[in-house]
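To keep things clear, I will list the structure first and then write my remarks on it.
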Amino acid sequence: MRKTIVAGNWKMNKLPSEAAALIADIRKATNDGDCGVEVVVCVPFTAIPAAAEALEGSSIGLGAQNMHWKASGAYTGEISADMLKDLGVQYVILGHSERRQYFAETDETVNLKLKAALAAGLTPIVCVGETLEERETGKMQDVIVRQVTEDLAGCQEDFEKIVIAYEPVWAIGTGKTATSTQAQEVHALIRATLAKMNPAQAEKVRIQYGGSMKPENAGDLMAKPDIDGGLIGGAALVAASFAAIVEAGK
Ligand code: PGA
């Protein structure tokens, strides 16, 4: 039985003081995250210390949105896994489509980051998903299989520690959600791809859906057999919406 995991991806939003206030509201609305669902907030780097303090004594996990694969060195502007760990971070989003699209991340760098995150004991949330053009030209399956295979290469023995987020790029921030049937089809494809890599652990991997998930569609999506939670952007910035999605995940 896989535990449902609902994570907020705050993206480039919230000053430290605003993060603390939003977390206080999320704590109230989710019974401190003590609700049978694994609840996580992935905040901007600068809000991590304030968020860690605001989360003290709750069951809500703290996540970052990116990291570098090297432990230290001449990498101006980058943040290592140990730097995140030292601040109390437990989760890290890797390979979000915005990072692939605007910051030239590739399957190869996502794979390097994944290995570094696992080595540091962080729980990685690896994002995969096709663009609208890829879907419309019949390339969705190839893209998903390639991303899963290349992003997770060499990490087969650690599959159960990895969370995958299926985020169709055309659904992110657009208000267009994949139907639960469309999403389930891709989640099943992801699980089948994992099973080819490590049959013993594929069933243990949690696969979140992301892309305009909101209280109105969350229950329907998470009721599907291979949808084990959500990665929530816009709706995670409003405590009541985020809490309603967590509730739908129970
Ligand atoms: P959205 O973002 O919920 O605002 O579509 C999801 C994400 O990008 O993780």
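Just so it is clear, none of the values below were taken in a lab; they were calculated from the coordinates. These figures come from a predicted structure and were not determined experimentally. Here the Cβ positions follow ideal geometry from the backbone for every residue, glycine too, while neighbour counts run over all protein chains shown.
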query: Tell me, which residue of region 92-113 that is within 13 Å of the ligand (Cβ to nearest atom) and part of a helix (DSSP H, G or I) is surrounded by the fewest Cβ atoms within 10 Å (Cβ to Cβ)?
result: Y102
message: One residue is enough: does region 78-91 have a residue meeting the conditions away from the ligand (no atom under 14 Å from the Cβ), in contact (Cβ under 8 Å) with a residue 24 or more places away in the chain, in contact with a Leu (Cβ under 6 Å, 6 or more places away or on another chain) and among the basic types (K, R)?
response: no
- prompt: Within region 194-213, restricting attention to residues that are under 16 Å from V6 (Cβ atoms) and either surrounded by fewer than 19 Cβ atoms within 10 Å (Cβ to Cβ) or of a type in the set (S, T, Y) (or both), which residue is nearest to the ligand (Cβ to nearest atom)?
  reply: S212
- request: Show the residue pairs that are 6+ apart or on different chains and have beta-carbon atoms under 7 Å apart, the first residue being within region 115-127 and surrounded by fewer than 20 Cβ atoms within 10 Å (Cβ to Cβ), the second being assigned to a strand (DSSP E or B).
  value: L118/P124
- line: The condition of being away from the ligand (no atom under 16 Å from the Cβ) and either buried (at least 22 other Cβ atoms within 10 Å of the Cβ) or polar (S, T, N, Q) (or both) holds, among A7, A24, A29, A19, only for A19
query: Out of region 214-237, which residues are assigned to a helix (DSSP H, G or I) and within 11 Å of the ligand (Cβ to nearest atom)?
result: N217, A218, G234, A235, A236, L237
statement: Among (1) near the ligand (Cβ under 10 Å from one of its atoms); (2) under 27 Å from T137 (Cβ atoms); (3) part of a helix (DSSP H, G or I), E185 falls short only on (1)
statement: Within region 182-222, residues closer than 18 Å to V145 by Cβ and of a type in the set (G, A, S) come out as A183, A188, A192, A195, A202
- request: Filter region 241-250 down to residues that are of a type in the set (A, V, I, L, M), in contact with a helix residue (DSSP H, G or I) (Cβ under 6 Å, 6 or more places away or on another chain) and away from the ligand (no atom under 12 Å from the Cβ), then give me how many there are.
  value: 3
